[in-house]
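The values are calculated or read from the model by the stated rules, or taken from the named source; none is laboratory data. Small disclaimer: the values here were computed from a predicted structure and weren't measured. Don't worry about glycine lacking a Cβ; one is built from the backbone with ideal geometry, like all the others, and counts go over all protein chains shown. Surface accessibility is based on the protein's heavy atoms, side chains included, excluding ligands, DNA and RNA. Shrake-Rupley method; radii C 1.70, N 1.55, O 1.52, S 1.80 Å.
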Amino acid sequence: MASRLLLPLAGLLLAVLGWAAGAVWLAHGMPIASAFAPLESAASLWQLVSAGELWPHVVVSLKRVAVGLLLAILIGVPLGVLTGLSRRFTQATAPLFQFLRMVSPLSWMPLAVMVLGVGDAPVYFLLAFAAVWPILLNTASGVAQLDPNWLLLARSLSATRTETVLRIVLPGITAHILTGVRLAIGIIWIVLVPAEMLGVSAGLGYFILDTRDRLAYSELMAVIVLVGALGYALDHLARAAHARWLHR
Amino acid sequence: MSTAVSGDGGTGLALQASGLNFSYADGHAVFADVSLDVRHREIVCLLGGSGCGKSSLLRVLARLEAPASGDIRFLGEPLQAPHPRAALVFQQPGLLPWLDAAGNAGFGLDFEHQPRLTPVERAARIEQALSAVGLAGHAHRYPAQLSGGMAQRVALARALAREPQLLFADEPFSALDAITRAEMQALLVEVVHRWHTAALLVTHDIDEAILVADRILLMGEAPGRIVREWVVDLERPREQADPAAVTALRLDILSALHALRAH
Ligand SMILES: Nc1ncnc2c1ncn2[C@@H]1O[C@H](COP(=O)(O)OP(=O)(O)O)[C@@H](O)[C@H]1O
Ligand SMILES: [Mg+2]
């Protein structure tokens, strides 16, 4: 029990020490680099948070995550169900999907801005585009792995098609969808910061570029720490939802 | 618990099948010209080696599959679709992991083609079924938290909650360890008697058939057909039946199986 808390803390402490040592070493050649150090960053983080300067950016970013994720679910789940149910649909789309999946979503940025204009729309597009694949693939494998015993049970109850979908298929693939959502959140969170570096005027990605322009390096480190912590928390939430659904 | 026996045309039969033929899409006959009856409150075991078509026959009898030809009557009526008063238990419990034991036990109770129940009736059925299988205190446990034997008990409760006139069971205990299996065999006989239901139990285990059955049907293969029948009038519980009679029956079944192989 103690080691479950102690070992991770020790790991984090070691990383902070390494971070401090790195900042000292870097400051030898570049005095300004001392702003990267943990204590300075922590002070900045405290200041940014208590002054309320960071919250609007956090809220904007989280909203983008939510919208991007929702779009990805709305598109990915039906496509995944189709992929899982129809061999022909799978055969027709597999190469296309593999191809699209392998293109970094950020590559679409210029095109997205051209078509959707500057603002939130291209960011939503990029996030949804990045997140749709794990949701689609996990939904499809959920459908393919539906327990044949459940379908037999539905038949033995003379279940209607609607009853079968609503009471067996959808709940039966929810665990897989949640796995997909968890992977999608991880991807969205990674794509979010670079996606917010172009054409928007709020959000954590924007704020990072802003600190760079203001040479506010301790704030830069503070935001990086915050991004990591928020991502960790989001992943934790998604994991908890998954575990809760399966009652593990 | 239901004691009422619905109309069966005065035959005293829960299930009546005659001249059944069946093949899967590949065309070769899985079983041919099978006729069998199950009386009310009777436990019939369908015994045969693996691959002889027992599961296929059970699925056809429950009307999960349509026979190529032949006639099935359930409570005297021609059977065209799975019947609300017939329930199934399979080798795998097939529980729904997002529902707790009570949710799983009641899962068959509120479908469009099942009899309407009030919430009170539904709750009472779930409670009776769970306590009949010894899980009264575990209604709120989820399948991930149940052992294999407990999961199969919930599957049995799910079948009982529908107050079946006939329980179809396809090797329901073959995935369990020997001790749990023995418990479940005894439990099955007990609840079938208490629920006043009939049961058709598929098994490849001679001892299981002798322990449980009122009547044993031996199935041969290629194509599947019923080759012999034994009425088992040994004392219950069978563990206390005359050992000589049990052994004699066992040897008789074994030699019939041997004769099948020799062909
Ligand atoms: N869904 C199916 N499609 C095609 N053939 C099947 C199917 N299920 C079973 N069979 C074949 O039918 C025969 C009987 O199988 P089964 O009824 O499962 O026998 P048992 O339950 O006695 O082991 C076997 O040869 C098996 O391969
Ligand atoms: Mg079988």
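Helix A:87-102 against the longest principal axis of chain A: what's the angle in degrees, Cα atoms only, rounded to the nearest 10? Helix A:87-102 sits roughly 10 degrees off the main axis of chain A. Length available on full extension from A:Trp55 to A:Ile32: 0.36 nm per residue minus the Cα-Cα distance, which gives 5.6 nm. Using the Cβ-Cβ distance between B:Asp177 and B:His113 with R0 set to 60 Å, the FRET efficiency works out to roughly 0.95.
What does the C-alpha gyration tensor say about the overall shape of segment B:1-116? Classify as rounded when a/c is under 1.5, otherwise prolate if a/b is larger than b/c, or oblate.
Numbers: a/c = 1.86, a/b = 1.24, b/c = 1.50.
Judged from the Cα gyration tensor, segment B:1-116 comes out oblate (a/c at least 1.5, b/c at or above a/b).
Over the Cα atoms of segment A:57-154, what is the Rg over Rh ratio if Rh follows Kirkwood? Let's see the in-between values first.
Details: Rg = 16.1 Å, Rh = 14.8 Å.
We get a ratio of 1.09 for segment A:57-154.
Given axes a ≥ b ≥ c from the Cα gyration tensor, I'd like to know whether segment B:138-190 is rounded (a/c under 1.5), prolate (a/b larger than b/c) or oblate. It is oblate, given that a/c is not under 1.5 and a/b is not larger than b/c. Taken along its three principal axes, the alpha carbon spread of segment A:50-246 comes to 68, 36, 22 Å, from the longest extent down to the shortest.
For chain B, the longest principal axis of the C-alpha atoms and the axis of helix B:119-132 are separated by about 50°. Taking the Cα centre of the protein assembly as shown as reference, the dipole from Cβ charges on Lys and Arg (+1) and Asp and Glu (-1) amounts to some 700 debye.
Would you mind telling me the antiparallel percentage of the DSSP bridges in chain B, rounded to 5?
Working: 20 of 39 bridges.
Roughly 50 percent of the DSSP beta bridges within chain B come out antiparallel.
Using equal-weight Cα scatterers in the Debye expression, the normalised intensity of chain B in log10 at q = 0.14, 0.15 Å⁻¹ is -0.99, -1.13.
Taking a cut-off of 16 Å, what percent of all Cα-Cα pairs in segment B:191-263 are separated by more than that? Walk me through the intermediate numbers first.
Details: 1365 of 2628 pairs.
Within segment B:191-263, distances greater than 16 Å cover 52 percent of Cα pairs.
Can you give the direction-averaged projected area of the convex hull of the alpha-carbon atoms in segment B:113-263, in nm²? With every direction weighted equally, the projected area is 11.3 nm². Debye-formula intensities of the protein assembly as shown, expressed as log10 I(q)/I(0) at q = 0.10, 0.13 Å⁻¹, are -0.87, -1.20 (one equal scatterer per alpha-carbon, no solvent). By the helix-only formula, in which each DSSP H run with n ≥ 4 contributes -39500 (n - 2.57) and the sum is divided by residues, chain A has a 222 nm mean residue ellipticity of -27500 deg cm²/dmol. Counted residue by residue at 0.36 nm each, then reduced by the alpha carbon distance between them, the extension gain from A:Leu100 to A:Leu166 reaches 20.7 nm. For the peptide A:144-156, the mean number of other protein chain Cβ atoms found within 10 angstrom of a residue's Cβ is 5. Nearest 100 Å² is fine: what is the total accessible surface buried where chains A and B meet, probe 1.4 Å? Its buried surface, counting both partners, is about 2200 Å². From helices alone, chain B scores -10000 deg cm²/dmol at 222 nm; the rule is -39500 (n - 2.57) for each run of n ≥ 4 DSSP H residues, then divide by the residue total. Accessible surface for A:Val113 stands near 40 Å², nearest 10, in the context of the full protein assembly shown (1.4 Å probe).
Based on the Cβ-Cβ distance from B:Ala66 to A:Leu13, what FRET efficiency comes out when R0 is 56 Å, to the nearest 0.05? Walk me through the intermediate numbers first.
Numbers: r = 69 Å, r/R0 = 1.22.
Working from the Cβ atoms, E equals 0.25.
What the Cβ-Cβ distance of A:Ala243 and B:Ser255 gives, at R0 = 60 Å and to the nearest 0.05, is a FRET efficiency of 0.65. Classified by the C-alpha gyration tensor, segment A:1-103 has a prolate form. Its axis ratio a/c, with a ≥ b ≥ c, is 1.5 or above, and a/b is larger than b/c. The angle separating the long axis of helix B:243-262 from the principal Cα axis of greatest extent in chain B is about 60 degrees.
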